[in-house]
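The values are calculated or read from the model by the stated rules, or taken from the named source; none is laboratory data. A quick note: this is a predicted structure, and the numbers were derived from the prediction, not measured. Quick reminder, even Gly has a Cβ in these numbers, built from the backbone with ideal geometry, and neighbours come from all protein chains shown. For accessibility, only protein heavy atoms count, side chains too; no ligands or nucleic acids. Shrake-Rupley method; radii C 1.70, N 1.55, O 1.52, S 1.80 Å.
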Amino acid sequence: SHMAWGAELSPNYHERSRIQGTREITLLVGAILVLALPTLVEQLHTDNVGTSRVAGMGWMVIVLLPITVFWAVSRVGEKKVSAVSHVSWLDSFRVIKQNLPLRHLLLCDLLSGISSGITAALFLFLAADVLKIQSWSSSVLLMYFLSGIFFVPLFIIISKKLGKHITLSFCAAINAISINIIWFIPPGSVVATGFAMVLLGINMGAPSFLLRSMMADVVDEDVVHSGHLRTGLFYALLSMTQKVGGAVAIGITYAALDIMNFIPGGDNGNGVILWFETLFIMPPMVLNVIIAITILSFPIDKARQEHNRKI
């Protein structure tokens, strides 16, 4: 509902990217604050540091969530809308079947979720057991998030020049190429790993905000053809594909680690390490190539979206 609300704040093709991009930036800032919180808790020298870390995260949500929600709903307001009828699950699947742009986005979001899920699921193992920078893992992870914050505004600017779907294809192509840098990082090289995380940060925020901005344009297209405003349904489907992608990534990668006899913190031979690097690099590379090719045929550009808004 939060993302769907963002989709309805503006009818403008590019303004939607700015809104969803801003949402993505604040999400990443929140993630960085949560990552920094355990470090602050440690300075308090509490009796049970582990429990205090988790409690600190909980209190952060308890305190900030009511304040931020109240601020948002009181400042943004609500426009008048006509009542909409309930959409059954069966009707939802009919919508997917009949809507080509929606299928494009859901497929790309699913693949993006699997790709980013693999990176997230394997990152700590990569840092500790392959790149041998365990003591620096939190720092390079922070660089990953900061890089994501930096690249979101950049890709907002690029999307104004190229259009959303061309920009997303460009972004996926960069992701497919840049992840191969992992092959060339020597163990123990913090600087090289940090540079790699900066490049991989493109994958952190850019695809997410572009897909969510494009979904608002798909909603317009659906309203023109069906006469129904189904923003909530479409964004619920988008949330589902992202979560399914993350779950599939964990299921596949951890099962693969077991098959290759990878032992976290253990004595893994060169052959096992090579298989690990292949698992970390190849699936995201292939998935991003598929995204780059698939989204090129996305039919809703700026001109078509503006035509739909007129209708």
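Does Asn261 satisfy the criteria of being over 30 Å from Phe170 (Cβ atoms) and open to solvent by less than 30 Å² (accessible area, probe 1.4 Å)? So Asn261 does not fit the description; no.
Scanning the range 119-165 for residues that are open to solvent by 80 Å² or more (accessible area, probe 1.4 Å) and not aromatic (Phe, Trp, Tyr) returns Leu124, Lys132, Gln134, Ser135, Ser138, Leu146, Ile157, Lys160, Lys161, Leu162. The sole residue among Met204, Met282, Met240 that is crowded, with 21+ Cβ neighbours inside 10 Å and in a helix (DSSP H, G or I) is Met204.
All of (1) surrounded by fewer than 20 Cβ atoms within 10 Å (Cβ to Cβ); (2) farther than 23 Å from Thr253 by Cα; (3) touching a residue at least 40 places away in the same chain (Cβ under 8 Å) hold for Ser88 with one exception: (3). Is it true that Arg212 is open to solvent by less than 50 Å² (accessible area, probe 1.4 Å) and either of a type in the set (Val, Ile, Thr) or over 19 Å from Val152 (Cβ atoms) (or both)? Against the criterion (open to solvent by less than 50 Å² (accessible area, probe 1.4 Å) and either of a type in the set (Val, Ile, Thr) or over 19 Å from Val152 (Cβ atoms) (or both)), Arg212 does not qualify.
Residues in the range 256-274 that are in a helix (DSSP H, G or I) and farther than 17 Å from Thr119 by Cβ: Asp258, Ile259, Asn270, Gly271, Val272, Ile273, Leu274. Just a yes or no: is a residue in the range 97-117 open to solvent by 60 Å² or more (accessible area, probe 1.4 Å) and touching a Leu at 6+ places or on another chain (Cβ under 9 Å)? Checked the range 97-117: no residue is open to solvent by 60 Å² or more (accessible area, probe 1.4 Å) and touching a Leu at 6+ places or on another chain (Cβ under 9 Å).
Inside the range 59-84, residues that are closer than 20 Å to Leu27 by Cα and either aliphatic (A, V, I, L, M) or surrounded by 10 or more Cβ atoms within 10 Å (Cβ to Cβ) (or both) make up a count of 16.
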